[in-house]
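Here is the structure we will look at.
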Amino acid sequence: MKKKYNFSGGIKCLSIKEELDKYIIYHIPNPNKFYMYIQHNTFKNNMLRVRINQKVLCGEPLTFGDKSSVPIHSPTSGWIKSIELDSHSISSKKKYIKITIVSDYLNQWIRLKKINDYKLYSPKSLIKIIYQLGVVGLGGAHFSSSEKLILGINSKVHTLVVNAVESDPYITADYCLMTNCLSEIFIGCEIITWISKVTNILIVIQEDKIELISKIQSLIKNKKLFKVCILKKKYPGGSSKIIIKSLTGKDIPYGKHSIDIGYLIFNVSTIYAIKKAIINGKPLIQRIVSLYNHRNHSFKNVLIKIGTPINFLLNFLKINNSSNDIYIGGLFMKYLLMNLNQPILKDTNCISITKHTRNVKKNINYECINCGYCVQVCPVNLLPQKLYLYSKNNNHEKTKESFIMDCIECNICEQICPSNIPLVTYFKHEKFIQNQIDKENKKKKEFFYRFQLREKRILNQKKSFYQNKNDFNNTDLTNTNILNKKTNKNFINQKQIDKNIRKEILRSSIERAKLKNKNL
Amino acid sequence: MIIITVFSLLSFLLGFILSYTNYIFPIKTDPVINKVNSILPQSQCAQCGYAGCYPYAKAIIEKNEKTDKCIPGGVEVISKINKLLNLNDSIEIEEINVQNTPVVYTTVKIDEKNCVGCSKCASFCPVDAIVGAPSFMHTVVQEFCTGCNICLFHCPTNCIKIIKEDRLC
Ligand code: SF4
Ligand code: SF4
Ligand code: SF4
Ligand code: SF4
């Protein structure tokens, strides 16, 4: 038996009964309207590439990307119906640009630039292609893949970690992708190897995917680069921090990435998207989303275009949404969806449907009983109970000292707490405050530094001013070089003239004397 | 016995070295002043009657200045300073500026069409956030502007405006 990698904390979860349905990718037809949400940048006013009523083709870029956001592509051919500012139901604080596209059902593509031999291209240009085709991390972090690759090139990574771990027991999107498109994922891995020159590829997978593991092992038999790492089936496993910790035993502190210690982590579906972008020239416009219905425990993995309203998906699958609660996310991390017109985003990986429950009896929050359950399960070795006390009493320094920023918001401590304390809500708020304090401190430092600089400058100015003044008074103007030379010249001239005059006088006197002699 | 003597000697030596270094490199800045200074909002607006936040912090420590002069800081800053210095004058705080909201960082913007290039604003800005040469158009570097609004009162053409920008969120 091979060694199974593990991490401390977390909870074991039973794998859900294997069904044949899980392997099949369902296809969903195009809805008539797509909603695209675009993070807008206030400093750039011409981000959009399209106008209202303009005709777009499938795969046409809608925005110019910038440093923080990649370009977004049209998922269908049709018309731009409206462009407006709207907020998202998940992060309602921020405003997004919402583009509504009406489909014409023709699905005409723009011309795709296919690359057969990617080794003819330099890594830089390949990264540029990945950026232009809008590939971001599909695991949930939404981090631009091109940025990650650039960071990886700059800091010399040695290992590519293929993240095939699904943290949530209900999400099977990546698993489904692996079973169906394994060879394409391998090509994607090779592309990344070519770009970032890694020497190892670790495929991290959880222990219950037995069939898949044996399939991968038979495929990689004669490939030296690849290696399979089997992780214990536990929640949470999918976070990059946790994966690195279970593989190497190293903790990645807040503010650092796995790249800093030489590990480049990519989700399976991201690798798939990179392969599609490079080899097929296709922009990222679709992804696989798991659908889990709690009522009859049925799974579905659907290939869906980004921008499809969730409402359309539910209608198509004949799921009644009046008697169900629709959540985005799996069992542990989930948001209740308020507005069913929200589209599928690039980082949506699961939609779970539960029976509608009216909150008749509210969960009562009791006091913390110091049972310590939460401490046992925390996968990053924090002390949630302590953090909770500190954040409740607004003790911001202490929370920072107890490393609240390392919390990955995995929700386990909250699930296990017998007193029903909404721990993660407290932590999120506390993190927000910590961020604010950090920013303010940074600002203050900068302002103070600039103030000091100015004081120095003014002092210098004054100094030099007074020095110049003193110079003016003390130094003899006639002593300066130019004047000196001039006076010397004058002096010489004067002397010469004086001499000449004397000579003249002498000469004339001699002449006069001669004349006298002649006369005599 | 030997161990005790060795350690006592060692500690004596170390203590001597420490005091000697302290004598050679004396701490020039008062740490308390720096602490007070770090609490102040650093917008250098001079509304406290001093040239900037650091002079005010110095005055608090050295000249027994009152702690409630900083207007942009509001109640929060006052109570923080009081907590730091173990002062207990909460009644005074309530009297003064209760309405004051905690620091909101704003910045200003120069309406560049109307700028005549008198260079007055640039010479008064405490953090050198305004760039421009005399008789040319001036502009504000948003990143450095603390929103102290000193420049506002010195502009002859009134072309500087405040932009509300809560940069902390
Ligand atoms: S939510 Fe944070 S504190 Fe709670 S178990 Fe997860 S990582 Fe630990
Ligand atoms: S699990 Fe809940 S009750 Fe128990 S120590 Fe943690 S916070 Fe307190
Ligand atoms: S009033 Fe406050 S912000 Fe303004 S200079 Fe004085 S201490 Fe600084
Ligand atoms: S630009 Fe004006 S408001 Fe901003 S820091 Fe300078 S003087 Fe103050």
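The values are calculated or read from the model by the stated rules, or taken from the named source; none is laboratory data. Quick caveat, the model's predicted, so the values are computed rather than measured. Every residue, glycine as well, gets a Cβ built from its backbone with ideal geometry; the counts of neighbours run over all protein chains shown.
Going by what's in this entry, would B:Thr106 be described as modelled with pLDDT under 80 and in contact with a strand residue (DSSP E or B) (Cβ under 6 Å, 6 or more places away or on another chain)? Yes; evaluated as a whole, the condition is true for this residue. Only residues that are more than 16 Å from A:Arg457 (Cβ to Cβ) and aliphatic (A, V, I, L, M): list them for the range B:116-169, please. Residues satisfying the conditions are B:Val116, B:Met137, B:Val140, B:Ile150, B:Leu152, B:Ile160, B:Ile162, B:Ile163, B:Leu168. If we scan the range B:38-49, do we find a residue that is in contact with a Leu (Cβ under 8 Å, 6 or more places away or on another chain) and within 16 Å of ligand 4 (Cβ to nearest atom)? No, the range B:38-49 contains no residue that is in contact with a Leu (Cβ under 8 Å, 6 or more places away or on another chain) and within 16 Å of ligand 4 (Cβ to nearest atom).
Scan the range A:420-444 residue by residue and report those that are more than 23 Å from A:Asp168 (Cα to Cα) and either at pLDDT 85 or above or touching a His at 6+ places or on another chain (Cβ under 9 Å) (or both). It would help to see each step written out before you state the result.
In the first step, residues of the range A:420-444 are kept if they are more than 23 Å from A:Asp168 (Cα to Cα); the result is A:429-444.
If the condition is that a residue be more than 23 Å from A:Asp168 (Cα to Cα) and either at pLDDT 85 or above or touching a His at 6+ places or on another chain (Cβ under 9 Å) (or both), then A:His429, A:Glu430, A:Lys431, A:Phe432, A:Ile433, A:Gln434, A:Asn435, A:Ile437, A:Asp438, A:Asn441, A:Lys442 are the ones that fit.
Do we find that A:Ser322 is more than 27 Å from A:Tyr254 (Cα to Cα), surrounded by fewer than 19 Cβ atoms within 10 Å (Cβ to Cβ) and among the small types (Gly, Ala, Ser) in this structure? Yes. So for the range A:396-411 (the condition being acidic (Asp, Glu), under 16 Å from A:Cys378 (Cα atoms) and within 14 Å of ligand 2 (Cβ to nearest atom)), does at least one residue qualify? No. Determine if the range A:391-413 includes at least one residue that is within 16 Å of ligand 3 (Cβ to nearest atom) and at pLDDT 85 or above. No, the range A:391-413 contains no residue that is within 16 Å of ligand 3 (Cβ to nearest atom) and at pLDDT 85 or above. Can you tell me which residues in the range A:403-438 are part of a helix (DSSP H, G or I), within 6 Å of ligand 1 (Cβ to nearest atom) and touching a residue at least 60 places away in the same chain (Cβ under 8 Å)? The answer is A:Ile412, and nothing else.
Please pick out the residue among A:Leu345, A:Leu284 that is outside any strand (DSSP E or B), under 22 Å from the mean Cα position of the chain (by Cα) and modelled with pLDDT of 85 or more. Steps first, answer last, please.
On the way: A:Leu345 fails: modelled with pLDDT of 85 or more.
None of the other options fit; the residue is A:Leu284.
Pull up the range B:1-50, narrow it to residues that are more than 16 Å from ligand 3 (Cβ to nearest atom) and not in a helix (DSSP H, G or I), then point me to the one that is surrounded by the most Cβ atoms within 10 Å (Cβ to Cβ). Going through the qualifying residues, I end up with B:Asp30.
Among the residues of the range B:132-147, the ones that are surrounded by 16 or more Cβ atoms within 10 Å (Cβ to Cβ), out of contact with any His (no Cβ under 6 Å at 6 or more places or on another chain) and at pLDDT 80 or above come to 5 in all. Scoring A:Leu160 on the criteria (1) touching a Pro at 6+ places or on another chain (Cβ under 8 Å); (2) closer than 23 Å to A:Phe7 by Cα leaves a single failure, condition (1).
The set of residues in the range B:17-58 being modelled with pLDDT of 85 or more and more than 14 Å from every other protein chain (Cβ to nearest Cβ) consists of B:Ile17 alone. Looking only at residues that are of a type in the set (S, T, N, Q), modelled with pLDDT of 80 or more and in a loop (DSSP other than H, G, I, E, B) in the range A:350-390, which one is farthest from ligand 1 (Cβ to nearest atom)? Result: A:Asn370.
What's the total number of residues in the range B:106-138 that are assigned to a loop (DSSP other than H, G, I, E, B) and not hydroxyl-bearing (Ser, Thr, Tyr)? Before the answer, list the steps.
From the range B:106-138, those assigned to a loop (DSSP other than H, G, I, E, B) are B:106, B:111-119, B:125-129, B:132-138; that's our starting set.
This time we only want the ones that are not hydroxyl-bearing (Ser, Thr, Tyr), so: B:111-118, B:125-129, B:132-134, B:136-138.
Matching residues across the range B:106-138 total 19.
Could you check the range A:91-107 and list, in sequence order, the residues that are modelled with pLDDT under 85 and more than 14 Å from every other protein chain (Cβ to nearest Cβ)?
Listed by number, the residues that qualify are A:Tyr96, A:Ile97, A:Tyr105, A:Leu106, A:Asn107.
Only one of the listed residues (B:Ile3, B:Ile60) is over 12 Å from the mean Cα position of the chain (by Cα), in contact (Cβ under 8 Å) with a residue 24 or more places away in the chain and over 24 Å from B:Asp128 (Cα atoms). That residue is B:Ile60.
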